[in-house]
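Below is one structure, written out as structure tokens; comments come after it.
A short reminder: the numbers here are calculations on the coordinates, not readings from a lab. Computed from a predicted structure; not experimentally measured. When we count neighbours, we look across all protein chains shown, and the Cβ atoms used for this are built from the backbone with ideal geometry, even at glycine.
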Amino acid sequence: MKIPAASGGNDRNARVERLRVSRAKDSEDKTRRALDAVDGLLRSGRRITVAQVAREASVSTWFVYNQPQVHQAVQDGITAQRTRGHQKSRTPEVSQVSPAGLRTDLALAREEIKDLKKERDRLRNRVRLSLGAELEGVNQHGLIERVQQIEHRNTALEQALSEARDQIAALESQLREAEDDLTAARASLRRAMRSVPTP
């Protein structure tokens, strides 16, 4: 009569192990996609940000910040772009972007800022709720370490928010330039049409 119980325990252990293996594989896949995204952005010369890597790799910004290998690759990529200047290869792309495309990018960037603000507020609220309970069970060294982790996370979120705002400003500038170019092209076309002699 004890065999079914043992079998049930084995089944449960097997399910837990399968779940663990599945999660590990999912994490590996996300890590690979994120690293590939960083590499692709570096090769193309597009600006590397946490949000851009997350978008390219179809992962969350939380994953990029909290997966050490990916976060380090992003920081290294940002440093490399600052060293050699990431704007060089972006110039040709600007002239090919339509006003509609820029408006879409602008809307996406604004949504990204909203998401970052929500995530920041959610984390602050969670810290407020849990910090009091943690104080009694954490020694001073552990508490200092926890506070440093929270400050690091907050700094990372503020940096991502600042980058998103910079991106919006750049997109708005590009949008104005594209609309000016479009207006000038239309005016030039009208002048050309008026100058054509009628038969």
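Quick notes
- In this calculation the C-beta distance from ARG84 to ARG12 is compared with R0 = 35 Å, giving a FRET efficiency of 0.05.
- Net charge over other residues, Cβ less than 13 angstrom from the Cβ of ARG32 (K, R count +1; D, E count -1): -3
- Inter-probe distance in nm under a simple model that places probes 7 Å from Cα toward Cβ, at ARG103 and ALA187: 2.2
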